[in-house]
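Structure record follows, encoded as structure tokens.
The values are calculated or read from the model by the stated rules, or taken from the named source; none is laboratory data. Bear in mind that the values here come from a model prediction, so they are computed numbers and not experimental data. So basically every Cβ, Gly included, is an ideal-geometry build from the backbone, and we count neighbours across all protein chains shown. Accessible surface is based on the protein model in full, side chains and every heavy atom, while ligands, DNA and RNA are left aside. Shrake-Rupley method; radii C 1.70, N 1.55, O 1.52, S 1.80 Å.
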Amino acid sequence: MNKGRGRFLALLLVLILICPPARVRAEAEMMTELQDRYGAMDALNRLRTGLGLRTLSMDGALNEAAGAHSAYMDSHRSLSSLERQQEPGFTGVTPIDRMYYTGFSGQSAYELTAYRTEDYETMLEEALHDPYRRYMLLYPGCDSIGFGRRGDYSDVLLGCGDDLSWKDTLALYPYPGQQEVGNCFLRQLSEPPSEVREASIRSQIGEPVTVTYYSAGNASVEFRELKVTFTDTKRGREVAFFSILPQDHPKLPNTLMIYPLEPYNADTRYEITLSAQVYREDEWIADIEQKWSYTSSGPDSIGEVSRWEALMALAEAFQVPAEPLTEEPAEVFRDYAYDAEDPASCQIYWMLEKGVLRKQSDGSALEAEEGITREQMAIWMMRLLRVCDASLYYAERLDYSDTFEDINRCSAEGKTAVQRAYLLGLVQDQGGGKFSPDAYITRTEFDEWLTALSGLLETAEEEAEKKE
């Protein structure tokens, strides 16, 4: 036996003999919990420091209150910031009630709850997507924090102490120079406006922008004479957006919310120029003149392309008929019904009739928010190509020895589809000669594949016209 391994086993045996296994597990779990708490607090403090805000300190009373409320939520299997009297585990109706119950002496509190999150840091990162919860995490008056988790339920409490004498503070998010800014799903946002829902591409938009004027005493403000430009600098074009002024939203009376009406493109610098006059109680208090930029995530993390979006883009590329079907189809999708008056619905069911979509593997959750894998995208492209242009589909001779190293990870159909798509110049590897069939296709790749596909179809059409 290796000497090092022998010493390790001997030490482990001693620990087991000295400490009961249950106690060892409990202490290990507590250590993991503490690391999780401090890691999340440190990450949030780095962000707050960069924005010129005071840092937070861990507070025992807040930890106790957060732990009690997460236990309450777990016992009742309900995600809520309120508790009901007379129910087991009750320690206070509101967050501030529960914090006072555990001995907190501050003035006010904010609470964030979550269900089934990986860790506290991930929980806070996801909360930053939402303008409402972002407001809490960046509130200048907060100076303490507490964490609690029980089962699937997590709770974070932000406490505001006695010293609320901070000055008026302007906070921009995404902040100037921020990198790796991604997209988010509408389900991650609180009360997304109907205009944003209607314009989003399969429930996905770019990270919302907030310009918050934290007024001393948390007083409401108004933005007047507002001027905003929002630019995609890589493409040199303006980004369409929907905005809400602070005076038009009672829940965030200090924040200008700017929602991009499209997902971000990968590796792109977005620039915002903003000017406004700030009024409090009809009295001018400040002028805002800001110009800043941030950069979106790279192609591996900018966001997923949904099944619905992929199908609609392919339908457009192949000019799939949008006329009503001659016969009413049987309903086969759990989440999508045929509508003869909807061109998109006609296209979907045309593809179903032609075998491009299949009931079991493709049609069970058509409008799911999950992304589409690289293999599935290649399969749909090749199925449509076989239906719409069989001669082009069979134009290349398959040779699996001259393709991706991981081609055998694909299904039988996927293997053929990926090989044909590769030989036709429609798909590329992920680096190192690998295709990575199970990986979700990135938005950048999606655009590249569609561009190549459109070019291929246009060339084939031109050659066919010449022969005629």
Problem - Within the range 411-431, considering residues that are open to solvent by less than 60 Å² (accessible area, probe 1.4 Å) and hydroxyl-bearing (Ser, Thr, Tyr), the one farthest from Asn183 (Cα to Cα) - result: Thr416
Completion exercise
Lys434 meets each of (1) more than 30 Å from Gly206 (Cα to Cα); (2) modelled with pLDDT under 90; (3) open to solvent by 40 Å² or more (accessible area, probe 1.4 Å) with one exception, condition (1)
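Listed residues Tyr270, Tyr259; which is assigned to a strand (DSSP E or B), within 20 Å of Arg443 (Cβ to Cβ), open to solvent by less than 20 Å² (accessible area, probe 1.4 Å) and touching a helix residue (DSSP H, G or I) at 6+ places or on another chain (Cβ under 8 Å)?
Working: Tyr270 fails: touching a helix residue (DSSP H, G or I) at 6+ places or on another chain (Cβ under 8 Å).
It is Tyr259.
Scan the range 374-382 and tell me whether some residue there is open to solvent by less than 50 Å² (accessible area, probe 1.4 Å), within 19 Å of Val427 (Cβ to Cβ), modelled with pLDDT under 90 and in contact with a strand residue (DSSP E or B) (Cβ under 8 Å, 6 or more places away or on another chain). Show your work before the answer.
First, the residues of the range 374-382 that are open to solvent by less than 50 Å² (accessible area, probe 1.4 Å): 374-382.
Those still in the list that are within 19 Å of Val427 (Cβ to Cβ) too: 374-382.
Okay, now just the ones that are also modelled with pLDDT under 90, so 374.
Adding the requirement that they be in contact with a strand residue (DSSP E or B) (Cβ under 8 Å, 6 or more places away or on another chain) leaves 374.
Scanning the range 374-382 turns up at least one residue that is open to solvent by less than 50 Å² (accessible area, probe 1.4 Å), within 19 Å of Val427 (Cβ to Cβ), modelled with pLDDT under 90 and in contact with a strand residue (DSSP E or B) (Cβ under 8 Å, 6 or more places away or on another chain).
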Practice task
For the range 192-209, state whether one or more residues are open to solvent by 20 Å² or more (accessible area, probe 1.4 Å), basic (Lys, Arg) and over 30 Å from Asp36 (Cβ atoms).
Solution key: yes
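Wholly within the range 58-165, which helices (runs of 4 or more DSSP H) include no fewer than the required count, namely at least 3 residues that are under 24 Å from Pro192 (Cβ atoms) and in contact with a Cys (Cβ under 7 Å, 6 or more places away or on another chain)?
Values: elements: 60-76, 95-101, 120-127, 131-137.
Hits in the range 58-165: none.
Hey, among the residues in the range 176-214 that are outside any loop (DSSP other than H, G, I, E, B) and hydroxyl-bearing (Ser, Thr, Tyr), which one's nearest to Thr231 (Cα to Cα)? Even if it seems obvious, please write down each step before you answer.
As a first pass, look at the range 176-214 and keep what is outside any loop (DSSP other than H, G, I, E, B): 181, 183-188, 194-199, 204-206, 209-214.
Pick out the ones that are also hydroxyl-bearing (Ser, Thr, Tyr) and you get 194, 210, 212-214.
Working: Ser194: 23, Thr210: 16, Thr212: 20, Tyr213: 23, Tyr214: 26 Å.
Looking at residues that are outside any loop (DSSP other than H, G, I, E, B) and hydroxyl-bearing (Ser, Thr, Tyr), I get Thr210.
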Practice task
Would you mind telling me which numbered condition in (1) open to solvent by 30 Å² or more (accessible area, probe 1.4 Å); (2) closer than 25 Å to Tyr213 by Cα Glu121 fails?
Solution key: (2)
Exercise for the section: State all residues of the range 101-143 that are hydrophobic (A, V, I, L, M, F, W, C) and touching a Lys or Arg at 6+ places or on another chain (Cβ under 7 Å); if no residue qualifies, say none. Expected result: Leu112, Ala127, Leu128, Leu138
Exercise for the section: May I ask you to list pairs of residues, at least six apart or on different chains, whose Cβ atoms are under 7 Å apart, with the first in the range 46-58 being closer than 11 Å to Thr169 by Cα and the second being among the aromatic types (Phe, Trp, Tyr) and buried (at least 17 other Cβ atoms within 10 Å of the Cβ)? Expected result: none
Handout entry: Filter result (open to solvent by 40 Å² or more (accessible area, probe 1.4 Å) and either touching a residue at least 24 places away in the same chain (Cβ under 8 Å) or among the acidic types (Asp, Glu) (or both)) within the range 455-468
Key = Glu458, Glu461, Glu462, Glu463, Glu465, Glu468
Fill in the blank from the handout: Flagged in the range 387-411 as under 35 Å from the mean Cα position of the chain (by Cα) and in a helix (DSSP H, G or I), in numbering order, are Ile407, Asn408, Arg409
Exercise for the section: Would you mind stating whether Thr49 is outside any loop (DSSP other than H, G, I, E, B) and open to solvent by 40 Å² or more (accessible area, probe 1.4 Å)? Expected result: yes
Practice task
Just name the residue that is least open to solvent (accessible area, probe 1.4 Å) out of those in the range 179-191 that are among the polar types (S, T, N, Q) and more than 25 Å from Ile288 (Cβ to Cβ).
Solution key: Asn183
Handout entry: Evaluation of Tyr264 against (1) in contact with a Leu (Cβ under 7 Å, 6 or more places away or on another chain); (2) outside any strand (DSSP E or B); (3) aromatic (Phe, Trp, Tyr) (one fails), failing number
Key = (1)
Practice task
Would you mind telling me which numbered condition in (1) over 21 Å from Val211 (Cα atoms); (2) within 23 Å of the chain's Cα centre (by Cα); (3) hydroxyl-bearing (Ser, Thr, Tyr) Tyr139 fails?
Solution key: (1)
Fill in the blank from the handout: Counted residues in the range 210-241 being open to solvent by 10 Å² or more (accessible area, probe 1.4 Å), out of contact with any helix residue (DSSP H, G or I) (no Cβ under 6 Å at 6 or more places or on another chain) and in contact (Cβ under 8 Å) with a residue 40 or more places away in the chain come to 15
Fill in the blank from the handout: Restricting attention to the range 302-336, the residues that are within 27 Å of the chain's Cα centre (by Cα) and either buried (at least 17 other Cβ atoms within 10 Å of the Cβ) or not acidic (Asp, Glu) (or both) number exactly 17
